[in-house]
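Peer 1: The following block contains the structure, expressed as structure tokens.
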């Protein structure tokens, strides 16, 4: 199992055995929290099954969606390797399974491995790209651009989500989301079937909304 996790793919069998000895697997129920904003990381988390949502809380108490993790992927690596508190809270969207690695022991026993460090850097770079995308979405795009970008990037996962869930992920209202996709449908950018599944008909027109 550990060998199948991307950042551990360069480890030897002996190293994987040592890694397993400092790890546990824990199951969580939907709506349970993995960690809260401001906590100090004690574990290095890898989501094995399920889905987990990261969000921040605004000064006014509003929940601001940051990212949703799918398996198999490390969760909140910046806090671990940046030696900082978690800058958001993590709540499970469905029943899930998480690999938890004792991070102090991980640093002591594995961070001298050059190949592993390179994989960690690559993984952190991917996370940085995601953060850049989130900032662009929230700061530079209007609501139509945000929705067009989301539909383009997450089309395969749309059938499993209700409109209210998508609206929350985009930090907008269900009414606004419904109004915008109705406009997209009218303009021929997308189709919506009887089960409210969205299919892209014109990628270029959607792209114009978030790249201009």
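Peer 1: Under 17 Å from a point placed 7 Å out from the Cα of residue 72 along the Cα-to-Cβ direction: which residues of segment 91-118 have their backbone N that close?
Peer 2: 96-102, 116
Peer 1: In a GNM of the chain with a 10 Å cut-off on Cα contacts, which of 142, 61, 38 has the highest mean-square fluctuation?
Peer 2: 61
Peer 1: With an 8 Å cut-off on Cα pairs and a minimum separation of 6 or more residues, tell me the relative contact order of the chain in percent.
Peer 2: Values: 311 pairs, mean separation 43.1, N = 212.
Across the chain, relative contact order equals 20 percent.
Peer 1: Shifting gears a bit: Roughly how many nanometres apart are two label points built 7 Å out from the Cα toward the Cβ at residue 100 and residue 194?
Peer 2: The two pseudo-label positions are separated by 4.7 nm.
Peer 1: Taking Cα atoms, how many degrees apart are the long axis of helix 174-186 and the longest axis of the chain, rounded to 10 and kept between 0 and 90?
Peer 2: Computed tilt is about 60 degrees.
Peer 1: Averaging sequence separations of C-alpha pairs under 8 Å and six or more residues apart, then dividing by the length of segment 1-70, give the relative contact order as a whole percent.
Peer 2: Numbers: 40 pairs, mean separation 13.0, N = 70.
Averaging sequence separation for qualifying contacts and normalising by length gives 19 percent for segment 1-70.
Peer 1: Among 40, 25, 5, rank each residue by its count of other Cβ atoms within 10 Å, from fewest to most, as a rough exposure measure. List each step's numbers first, then the result.
Peer 2: Details: 40 10, 25 13, 5 19.
The most exposed by this proxy come first: 40, 25, 5.
Peer 1: Something else: Please arrange 93, 46, 98 by how many other C-beta atoms lie within 10 Å of their C-beta, fewest to most. Walk me through the numbers before you get to the answer.
Peer 2: Values: 93 16, 46 25, 98 22.
Least to most surrounded, the residues fall as 93, 98, 46.
Peer 1: Right, next: What residues of segment 193-212 lie in the reach of a label at residue 152, counting those whose backbone N is under 17 Å from a point 7 Å from the Cα along Cα→Cβ?
Peer 2: 199-212
Peer 1: Calculated FRET efficiency, residue 176 and residue 17, Cβ-Cβ r, R0 45 Å, to nearest 0.05? Let's see the in-between values first.
Peer 2: Working: r = 52 Å, r/R0 = 1.16.
It comes out at approximately 0.30.
Peer 1: Take the alpha-carbon positions of segment 141-211, form their convex hull, and give its projected area averaged over all directions (one quarter of the hull surface) in nm². Before the final figure, lay out the partial values.
Peer 2: Working: hull surface 16.7 nm².
Quarter of the Cα hull surface area: 4.2 nm².
Peer 1: Over segment 1-120, what relative contact order in percent results from Cα pairs under 8 Å that are six or more residues apart? Each step should come with its number before you reach the end.
Peer 2: Working: 228 pairs, mean separation 45.2, N = 120.
Computed over segment 1-120, the figure is 38 percent.
Peer 1: Using Cα centres only, tell me the gap between segment 1-32 and segment 49-116 in whole Å.
Peer 2: Measuring centre to centre over Cα atoms gives 14 Å.
Peer 1: For a Förster distance of 45 Å, can you work out the FRET efficiency between the beta-carbons of residue 163 and residue 111, rounded to the nearest 0.05?
Peer 2: Working: r = 44 Å, r/R0 = 0.98.
The value I calculate is 0.55.
Every number in this text was worked out from the coordinates using simple rules, so none of it is lab data. The structure displayed is predicted, hence computed values, not measured ones. Heads up, the Cβs are rebuilt from the backbone with ideal geometry, glycines too, and the neighbour counts pull from every protein chain shown.
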